[in-house]
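In what follows, a structure is listed as structure tokens, so that the remarks can point back to it.
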Amino acid sequence: MGNRPLSALQQGYLCCRSCHKLIPKAGQVMRCPRCRRKVYPRVPYSLAQSWALLLSGFFLYIPANVLPIMTLYKGGTIRTDTIMSGIINLMHIGMTPIAIIVFIASILVPLLKMLALAMILLAVQCKRQCNVCLRTKMYRVVEFVGRWSMLDIFVISILVGIVKFGRVASVDVEPAAWLFACVVILTMLAAMRFDSRLIWDEINEYE
Amino acid sequence: MLNTDKAAHLEACPECDLLIDASEQVREGYVSQCPRCLGVLEHPLRLSIKHNFICVLTGLVFYFPAIFLPILKFTMLGNTEAMSIVGCVLALFATTNYGIAGIVFFTLVLVPLVKMMLIIFVTTRLYYSVKTPFLAVSFRWYNSLSHWGMLDIFLLGVLVAAIKLANDAELEPGLGLYAFIILLLSSALQTQLLNKKLLWKLIERHGQ
Ligand SMILES: [Zn+2]
């Protein structure tokens, strides 16, 4: 193959991001003839916007984990839980498999996802040329797995929905629930704003 | 640079922007991957427009029972209470958790319904080859909303919540749960097996 340019962009074509139509590059601002969307060589400000969303998500992640997420009044007892103490409580009542699922969805996934995305963004910023395949795989996993962190928010909503009349028990949603939901949404947006084609832009040859 | 009849077969990998000659790299009826990043370009497991439409229609029929009927019934100290998705949103709203109520409403009520309406609009128009405006816009909206539907995660949430409450109360699945599972399956099947490439080609042919 040698050093022939490989990407569509280097050979004078743009690929529409929403419908994937290949369009010969002409002029400055173009619209996709198929879906009428503006077509750019790469998503504009993709890196800067991803960083901004990712960092705001990261700063919210700390209070979201330290502050209590809900309070449960049940038969005269009051329990205030953070995400972690809720998981430990699940283990105490003998539900280790469910505790592991909640741990993966609420703690491990957001943390690893933010780390992975930060590594991908950093590598693009430093124009690294090794491990591109690995980074593409990482990005696919990050994109797929991000939504599942909403699990805890739905569990709290279901608990609120069940005990709504407060006759026998009641649930109070604490501020960390809202913070945590914001973390999930911000990191999902960060992954969506990132243009995965940037990972490959420094690569001009393959065997 | 490249002559025109070769250019007609050109495609760019949406994930890594490698320029690909589709006549060499993409074979119909096989899984074809981008030779560089291994992203899937074409998959043989796709629903036809008709089957896709049937799938969405099934989802739409079970949507309303899934949203309004109780998903879990909960008995504690002689009191029975029922939880439905709409009930959840209303309870969150009543307890002034507007943000969480908004998220639940958006991801479980609004997105699935709007997605089904949009894809029904697009597939029926394309099936009968009616020239209609807004086809491309509708399909674009359908694709962007796909990220935000969270029916599958809610089902896992029901399981976790049920286990959290199992020690203190008697739980019973409601009719809504069965409707919800059918809605979830039809929506997952329809979204995963949608032939987007074919739909975009048809939209291009039938204008706007
Ligand atoms: Zn387009």
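Using all C-alpha to C-alpha distances in chain B, build P(r) with 5 Å bins and read off the rounded percent in each one.
1, 6, 12, 14, 15, 13, 11, 8, 7, 5, 3, 2, 1, 0, 0, 0
Would you work out what percent of the accessible area of region B:14-65, with all protein chains in place, is carbon or sulfur (probe 1.4 Å)? Walk me through the numbers before you get to the answer.
Working: 1640 of 2770 Å².
The C+S portion of the solvent-accessible surface of region B:14-65 is 59 percent.
Counting only the backbone N, which residues of region B:86-110 are under 20 Å from the spot 7 Å out from the Cα of B:Leu159 toward its beta-carbon?
Residues B:108 qualify, since their backbone N sits under 20 Å from the label point.
Nearest 0.05, what FRET efficiency do B:Tyr30 and A:Thr96 give at R0 = 41 Å with Cβ-Cβ as r?
Working: r = 43 Å, r/R0 = 1.05.
Given R0 = 41 Å and the Cβ-Cβ separation, E is 0.45.
If I model a spin label as a point 7 Å beyond the Cα along the Cα-Cβ vector, how far apart are those points for A:Arg36 and A:Val66 in nm?
The modelled label-to-label distance comes out at 5.0 nm.
Quick one: among A:Gly76, A:Gly86, A:Gly57, which has the greatest mean-square fluctuation in a GNM of chain A with alpha-carbon springs under 10 angstrom?
With Cα springs under 10 Å in chain A, the top fluctuation among A:Gly76, A:Gly86, A:Gly57 is at A:Gly76.
Given +1 on the Cβ of Lys and Arg, -1 on the Cβ of Asp and Glu, and no further charges, what dipole in debye does chain B carry about its Cα centre, rounded to the nearest 20? Can you show the working numbers first?
Details: 15 positive and 14 negative charges, 126 e Å.
Computed about the Cα centre, the dipole is about 600 debye.
With a Cα-only, solvent-free Debye model of region A:1-41, what are the log10 I(q)/I(0) values at q = 0.23, 0.31, 0.35 Å⁻¹?
-0.69, -1.08, -1.29
Counting only residues 5 or more places away or on other chains, whose amide H sits under 5 Å from the amide H of B:Asn195 once H atoms are built in the peptide plane?
B:Leu47
Give the interface area between chains B and A as buried accessible surface, both sides summed, probe 1.4 Å, in Å² to the nearest 100. Mind showing how you got there, number by number?
Working: alone 13120 and 12780 Å², together 20020 Å².
Buried surface at the B/A interface: approximately 5900 Å².
What FRET efficiency do you get for A:Glu202 and B:Ser23 if R0 is 25 Å and r is their Cβ-Cβ distance, rounded to the nearest 0.05?
Working: r = 29 Å, r/R0 = 1.14.
Given R0 = 25 Å and the Cβ-Cβ separation, E is 0.30.
Compute accessible area for region B:149-163 by itself and then with all protein chains, 1.4 Å probe, and report residues whose area falls by 10 Å² or more.
Residues of region B:149-163 that lose at least 10 Å² of accessible area once the other chains are added: B:Gly149, B:Met150, B:Asp152, B:Ile153, B:Phe154, B:Leu156, B:Gly157, B:Leu159, B:Val160, B:Ala161, B:Ile163.
Counting only heavy atoms of the protein chains, get the accessible area per residue of chain B (1.4 Å probe) and round it to a whole Å² value.
Working: 10160 Å² over 208 residues.
Ligands and nucleic acids excluded, the result is 49 Å² per residue.
Let's test the formula: R0 of 51 Å, r as the Cβ-Cβ distance of A:Gln11 and B:Ser146. What FRET efficiency results, to the nearest 0.05? Walk me through the numbers on the way to the answer.
Values: r = 30 Å, r/R0 = 0.60.
Efficiency computed from Cβ-Cβ geometry: 0.95.
From the protein chains alone at 1.4 Å, what is the descending order of accessible area for B:His43, B:His206, largest first? Provide the component values of the computation, followed by the final result.
Values: B:His43 65, B:His206 30 Å².
My answer, sorted largest first, is B:His43, B:His206.
Quick check: Cα centre of region A:125-196 to Cα centre of region B:137-156, how many Å?
When both Cα centres are located, 15 Å separates them.
Given a 1.4 angstrom probe, I'd like the percentage of the accessible area of region A:54-207 that is carbon and sulfur, rounded to a whole number.
Numbers: 4800 of 6910 Å².
Carbon with sulfur: 69 percent of the solvent-accessible area.
Mind listing the long-range amide H neighbours of A:Ile69? Cut-off is under 5 Å, sequence gap 5 or more, other chains count too, H placed in the peptide plane at 1.01 Å from N.
When sequence neighbours closer than 5 places are left aside, the close amide H contacts are A:Asp81, A:Thr82, A:Ile83.
Would you mind getting the accessible area per residue of region A:21-86, heavy atoms of the protein chains only, 1.4 Å probe, in Å²? Numbers along the way, then the final one.
Values: 3680 Å² over 66 residues.
Accessible area per residue: 56 Å².
Please list, in order along region A:181-196, the HN-Hα scalar couplings obtained from phi with the Karplus expression 6.51 cos²θ - 1.76 cosθ + 1.60 (θ = phi - 60°), rounded to whole Hz, x for Gly and Pro.
Those phi angles translate into 4, 5, 4, 4, 5, 4, 6, 5, 5, 4, 5, 6, 5, 6, 9, 5 Hz.
For chain A, what is the mean residue ellipticity at 222 nm derived from helices alone (per DSSP H run of n ≥ 4: -39500 (n - 2.57); sum divided by total residues; nearest 500 deg cm²/dmol)?
On the way: 7 runs with 101 residues, N = 207.
Mean residue ellipticity, 222 nm, calculated: -16000 deg cm²/dmol.
Over the alpha-carbon set of region A:12-70, work out the extent along each principal axis and list the three values in angstrom, largest first.
54, 21, 14
Can you tell me the equivalent ellipsoid semi-axes for the protein assembly as shown? Use √(5λ) from the Cα gyration tensor, largest first, whole Å.
Working: eigenvalues 370, 139, 56 Å².
Semi-axis lengths for the protein assembly as shown are 43, 26, 17 Å.
What are the residues of region A:144-158 that lose 40 Å² or more of accessible area, with a 1.4 Å probe, going from their chain alone to all protein chains?
A:Arg147, A:Trp148, A:Leu151, A:Phe154, A:Val155, A:Ser157, A:Ile158
Output the 0 to 90 degree angle, nearest 10, between the alpha-carbon long axis of helix B:175-192 and the longest principal axis computed from the alpha carbons of chain B.
10
I'd like the isolated cysteines in chain B, meaning no second cysteine's beta-carbon lies under 4.7 angstrom from theirs.
B:Cys55, B:Cys88
Pull out the extension gain between B:Lys50 and B:Phe93, defined as 0.36 nm times the separation in residues minus the alpha carbon to alpha carbon distance; nm, one decimal. All intermediate terms of the calculation are to be shown ahead of the outcome.
Working: separation 43, 0.36 × 43 = 15.48 nm, distance 3.96 nm.
Full extension of this stretch gives 11.5 nm more.
Of A:Ala26, A:Ala118, A:Ala181, which is the most mobile in a GNM of chain A whose springs link Cα atoms less than 10 angstrom apart?
Largest GNM mean-square fluctuation: A:Ala26.
By the scheme Lys and Arg +1, Asp and Glu -1, what is the net charge of all other residues having a beta-carbon under 12 Å from that of B:Asn195?
Working: positive: B:Arg46, B:Lys50, B:Lys196, B:Lys197, B:Lys201; negative: B:Glu28, B:Glu42.
Taking every Cβ under 12 Å from that of B:Asn195, the sum is +3.
Tell me the relative contact order for chain A as a rounded percent, counting alpha carbon contacts under 8 Å between residues six or more apart.
On the way: 256 pairs, mean separation 67.8, N = 207.
So the answer I get is 33 percent.
The values are calculated or read from the model by the stated rules, or taken from the named source; none is laboratory data. Worth saying up front: this structure is predicted, and the values here are computed from it rather than measured. Ideal geometry is used to build each Cβ from the backbone, glycine not excepted, and the neighbour counts take in all protein chains shown. These accessible areas exclude ligands, DNA and RNA; they are computed on the full protein's heavy atoms, side chains included. Shrake-Rupley method; radii C 1.70, N 1.55, O 1.52, S 1.80 Å.
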